[in-house]
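A.B. asks: Here's a structure for you.
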Amino acid sequence: MKTLRLLICILSIVWTGTVSHGQSIPYNDPQPQRYQLTARASELDSRVQAHPEINFLIEEKNGKSADMQQAAVDTSVAPKGQLVIWLMGHNQGLFDRWNSYGLHAIRVHYANKWFSLCCSEKPISEHCRGNIRLEAATGEDFSDEVNIPKPDGMMERAYQFVKWLSKENPQGKWEQFLSADGAGLNWDKVIVSGSSHGSTTAARFAKHQNVARVVALCGPRDNYQTWQALPSATPANRYFGFSHVLDGGWTADHYCRSWELLGLHNYGSIVNVDKVKSPYQNTRRLITDFDVNGDVNAAHSSVQPGGRAYKDKATGKYMHEDVWKYLYTHPVDIVGTAVPMDNSCDKEQKQ
């Protein structure tokens, strides 16, 4: 009888193309392989617009497409049933690793060019940047400083992309990330992640929308803002952060402040990944202090695969492979021991 029930369950998954939360659709690919796909947002959705007022374009001045989006999946790897949405410039090294973990991945082009143009007044209101981030992510009216309609927000761009991928790459079973009614994404299966500006938007979005996980590389930041302390639709134990101690976000107490306002101290102390091995005491707050020759800019971008990442000098091998795998795959319900807030971290920052 148990065997019969299992067979019925498997047949149901194959027939409906959907699974319950926490499960994944098994691939049925006669030639398992890694698929990499690209598509322009403007070709997937005719409603897409440029917003030159915030330097957000569909085409660059040289005629080059500005709205190219990337996606990848490896059907030779057992699927995790989760989709990473990356909110920064395309990083091939990260996409390679996510696929090796069994994760689907996309990068969407959405209206995120406002950062140096808006909310520049002093003193800045405590929700100015947070509201713009939320409008850029959702395409809903949260800010008076910008006007970003739904088709140009991250949510709709991601939905249109996944919908296209489910038809263009049926081997990848992308349809599992669509909601039951097909009108949006199933955010319970989505990891939102980014670096710097993108990591901060990912964290702000997760305050508004429940997601499977948030991974913030060199972030989140938003000094002088208080959205980090707002009630969160995404449980706090699902937020993970990783940054270098020489990053300007550390030296000005921006990272320690955001992490504590998000409540991450309730899930473990700050752990130096160069001194403690995975699973890093199951914490959510990871740091590195490897030598960057005192270069603040290098420190900022050193926590993701790339030219500034920590490598073994003899072999060129990345030294933070275990860190990246932990950030994106460590079970969210396995947490570290709560610790008090750090009184030396300035959480009452004012301009």
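Laboratory data are not the source of any read-out in this text; all were calculated from the coordinates shown. Computed from a prediction, not measured in an experiment: that's the story for all the values here. No Cβ is skipped: glycine too gets one built from the backbone with ideal geometry, and neighbour counts run over all protein chains shown.
A.B. asks: Past 32 Å, Cα to Cα, is the threshold; run Lys64/Lys207; Lys64/Lys163; Lys167/Lys325; Lys80/Lys347; Lys173/Lys275 against it and keep the listed order.
C.D. replies: Values: Lys64/Lys207 35 Å; Lys64/Lys163 25 Å; Lys167/Lys325 29 Å; Lys80/Lys347 37 Å; Lys173/Lys275 40 Å.
Violating the 32 Å Cα-Cα cut-off are Lys64/Lys207; Lys80/Lys347; Lys173/Lys275.
A.B. asks: For Phe142, list long-range residues whose amide hydrogen, built 1.01 Å from N in the peptide plane, is under 5 Å from its own amide hydrogen.
C.D. replies: It is Glu135, by chain and number.
A.B. asks: Hey, what do the phi angles of the range 305-318 turn into as Karplus ³J(HN,Hα) couplings, whole Hz, using 6.51/-1.76/1.60 and θ = phi - 60°, x for Gly and Pro?
C.D. replies: x, x, x, 9, 6, 6, 10, 5, 5, 7, 10, x, 6, 5
A.B. asks: Using the Cα centre as the reference, give the magnitude of the dipole from point charges on the C-beta atoms of the chain (Lys, Arg: +1; Asp, Glu: -1; all else neutral), rounded to the nearest 20 debye.
C.D. replies: Working: 37 positive and 37 negative charges, 188 e Å.
The calculation lands at about 900 debye.
A.B. asks: Using a Gaussian network for the chain with springs between C-alpha atoms less than 10 Å apart, which of these wobbles most: Ala236, Ala111, Ala39?
C.D. replies: Ala39
A.B. asks: ³J(HN,Hα) across the range 334-345 via Karplus (A = 6.51, B = -1.76, C = 1.60, θ = phi - 60°), whole Hz, x for Gly/Pro?
C.D. replies: 9, 10, x, 7, 4, 10, x, 5, 8, 5, 7, 8
A.B. asks: Shifting gears a bit: In what order do Ile132, Ile54 fall by count of nearby beta-carbon atoms within 10 Å, going from fewest to most?
C.D. replies: Values: Ile132 26, Ile54 21.
Arranged by neighbour count, lowest to highest, Ile132, Ile54 become Ile54, Ile132.
A.B. asks: Another question about this same structure. With a cut-off of 8 Å between alpha carbons and a minimum separation of six or more residues, what is the relative contact order of the chain in percent? Walk me through the intermediate numbers first.
C.D. replies: Working: 688 pairs, mean separation 45.9, N = 351.
Dividing the mean separation by the residue count of the chain yields 13 percent.
A.B. asks: So, R0 is 51 Å and r is the distance between the beta-carbons of Gln31 and Ala236; what FRET efficiency does that work out to, to 0.05? List each step's numbers first, then the result.
C.D. replies: Working: r = 42 Å, r/R0 = 0.82.
Efficiency, rounded to the nearest 0.05: 0.75.
A.B. asks: With springs connecting C-alpha atoms under 10 Å apart, model the chain as a Gaussian network and identify which of Lys80, Lys313, Lys64 has the largest mean-square fluctuation.
C.D. replies: Lys313
A.B. asks: Tell me which residues come under 5 Å, amide H to amide H, from Leu185 once H is placed; ignore anything under 5 positions away on its chain.
C.D. replies: Counting only residues 5 or more places away or on other chains, the set is Ser179.
A.B. asks: Applying the Karplus parametrisation 6.51 cos²θ - 1.76 cosθ + 1.60 with θ = phi - 60° to the phi angles of the range 267-282, what ³J(HN,Hα) value in whole Hz is obtained for each residue in order, glycine and proline being reported as x?
C.D. replies: Couplings: 10, x, 7, 6, 10, 7, 5, 8, 10, 10, 7, 4, x, 6, 6, 6 Hz.
A.B. asks: How would you classify the range 113-261 from its alpha-carbon gyration tensor, with a ≥ b ≥ c the square roots of the eigenvalues: rounded for a/c under 1.5, else prolate if a/b is greater than b/c, otherwise oblate? Write down the numbers at each step before the final one.
C.D. replies: Working: a/c = 2.16, a/b = 1.54, b/c = 1.40.
Here the range 113-261 falls in the prolate category.
A.B. asks: Still on this structure, I have one more. Placing +1 on the Cβ of each Lys and Arg and -1 on the Cβ of each Asp and Glu in the chain, which of Leu217, Ser344, Gln281 has its Cα farthest towards the positive end of the resulting dipole?
C.D. replies: My answer, from the dipole projection, is Gln281.
A.B. asks: If you don't mind, another one. Taking only Cα atoms and a 10 Å spring cutoff, compute GNM fluctuations for the chain and point out the largest among Gln69, Gln176, Gln36.
C.D. replies: Per the Cα network of the chain with a 10 Å cutoff, Gln36 tops the list.
A.B. asks: Okay, next question. Would you please put 90-96, 330-336 in order of how densely packed they are, using the mean number of other Cβ atoms within 10 angstrom per residue and starting with the highest?
C.D. replies: Details: 90-96: 17.1, 330-336: 14.4.
Output ranking for 90-96, 330-336: 90-96, 330-336.
A.B. asks: To continue, here is another question. Would you list, by chain and number, the aspartates and glutamates whose Cα falls below 13 Å from the Cα of Lys313, excluding same-chain residues fewer than 8 positions away?
C.D. replies: Answer for Lys313, where 13 Å is the Cα cut-off: Asp291, listed by chain and number.
A.B. asks: If you rank Cys345, Cys119 by fewest surrounding Cβ atoms within 10 Å, what's the result? Don't jump to the answer; show the numbers that get you there.
C.D. replies: On the way: Cys345 16, Cys119 21.
Lowest to highest Cβ neighbour count: Cys345, Cys119.
A.B. asks: Would you mind ranking His208, His320 by Cβ crowding within 10 Å, fewest neighbours first? Mind showing how you got there, number by number?
C.D. replies: Values: His208 19, His320 22.
So the ranking, lowest neighbour count to highest, is His208, His320.
A.B. asks: Placing +1 on the Cβ of each Lys and Arg and -1 on the Cβ of each Asp and Glu in the chain, which of Pro305, Gly172, Val84 has its Cα farthest towards the positive end of the resulting dipole?
C.D. replies: Of the candidates, Gly172 comes out farthest on the positive side.
A.B. asks: Only helices at least 15 Å long along their own axis, judged from Cα atoms, and with Kyte-Doolittle mean hydropathy of -0.5 or greater: name those in the chain from DSSP H.
C.D. replies: 2-16, 128-138
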